[in-house]
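A.B. asks: Before I ask anything, here is the structure I am working with.
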Ligand SMILES: [Zn+2]
């Protein structure tokens, strides 16, 4: 059945933030290259609205794929995977020095109410803070540390593994809280998706730049007629740099949005962990046996022998496995 309500929910405000906004920004960034290519290919006899429409459609699909690959995207931005080891070490060491300096200068400050003290700690709280009240650097990027900080919180405060218990808590959350959390996450994600989209446009302009330079230096016939005009070297170079700069800017802006997600994440553990029914180990073992016994009875009409723990048919009076032994 066609479920109009789920379709409506899918195309809600979070969809606009996660797909439409980054897709439109990508289309805008790619507009100059599209006009260069269409000017050559169709001698400018192309409807602008059509070019814009195609760009938007490609942009939406591209960002949709980014959304599907968000776990991998986040692994890169958090500095956990796909990194060159020395770059990872270097960036992490740099952050460690910065945090150490910040921590020391905050400790030296006598006045704990001063704005300097408060601002320094507001910055230090982006990093995981252990029960020794010291911030530590866990990952080479700021985003990685912001996320490590809130993911570490349930474990250090309550002994709860945040990934394991997050899904179990999610089922206990009221619908309104889930919606609120999805919205706050989308407000952080769209900036990361925009950053990825602009990285892709930087790569495409870089390829265009290389082809233009090849066309210019070697006068390759197939390139020089394909719209790779040497007059476009500087604009293309500029667009590579602009795409990269705005990509970084989007990433930086996402930091405070992710901190807000973190506050929601921590609050959910603080306020809702009591909703979880957590059995003790003996209780769980007992329950396991109860479910196994019920299954054996309902499925096959078997019961468990209290002596040897083997299952036998309820219709039999005695356990056929150990009745001989126990009577001896
Ligand atoms: Zn028995």
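The values are calculated or read from the model by the stated rules, or taken from the named source; none is laboratory data. Keep in mind it's a predicted model, so treat the numbers as computed, not measured. Positions of Cβ are generated from backbone atoms using ideal geometry, with glycine treated the same way; all protein chains shown enter the neighbour counts.
A.B. asks: Could you list all residues from segment 99-147 that are more than 26 Å from residue 77 (Cα to Cα) and buried (at least 17 other Cβ atoms within 10 Å of the Cβ)?
C.D. replies: Passing the criteria: 106, 117.
A.B. asks: Would you mind stating whether residue 76 is in contact with a helix residue (DSSP H, G or I) (Cβ under 6 Å, 6 or more places away or on another chain), surrounded by 12 or more Cβ atoms within 10 Å (Cβ to Cβ) and in the same structural domain as residue 188 (by TED's automatic domain parsing)?
C.D. replies: For residue 76, the condition - in contact with a helix residue (DSSP H, G or I) (Cβ under 6 Å, 6 or more places away or on another chain), surrounded by 12 or more Cβ atoms within 10 Å (Cβ to Cβ) and in the same structural domain as residue 188 (by TED's automatic domain parsing) - is not met.
A.B. asks: If the requirement is being within 30 Å of residue 159 (Cβ to Cβ), out of contact with any helix residue (DSSP H, G or I) (no Cβ under 9 Å at 6 or more places or on another chain) and either outside the structural domain of residue 213 (by TED's automatic domain parsing) or in a helix (DSSP H, G or I) (or both), which of these qualifies: 290, 266?
C.D. replies: Step by step, each of 290, 266 is checked, and only 290 is within 30 Å of residue 159 (Cβ to Cβ), out of contact with any helix residue (DSSP H, G or I) (no Cβ under 9 Å at 6 or more places or on another chain) and either outside the structural domain of residue 213 (by TED's automatic domain parsing) or in a helix (DSSP H, G or I) (or both).
A.B. asks: Give me the pairs, please: first residue somewhere in segment 58-82 and part of a helix (DSSP H, G or I), second residue anywhere and exposed (fewer than 12 other Cβ atoms within 10 Å of the Cβ), beta-carbon distance under 9 Å, and either six or more positions apart or on two chains.
C.D. replies: 72/81; 72/82; 75/81; 75/82; 76/82
A.B. asks: Quick test for you: out of 130, 144, pick the one residue that is assigned by TED's automatic domain parsing to the domain that holds residue 267 and in contact (Cβ under 8 Å) with a residue 12 or more places away in the chain.
C.D. replies: Criteria check complete, one pass: 144.
A.B. asks: Taking segment 307-324 as the region of interest, how many residues are near the ligand (Cβ under 7 Å from one of its atoms) and loosely packed, with under 12 Cβ neighbours inside 10 Å?
C.D. replies: Qualifying residue count, segment 307-324: 0.
A.B. asks: Which one of 289, 304, 260 is surrounded by fewer than 16 Cβ atoms within 10 Å (Cβ to Cβ) and within 16 Å of the ligand (Cβ to nearest atom)?
C.D. replies: So the residue among 289, 304, 260 that is surrounded by fewer than 16 Cβ atoms within 10 Å (Cβ to Cβ) and within 16 Å of the ligand (Cβ to nearest atom) is 289.
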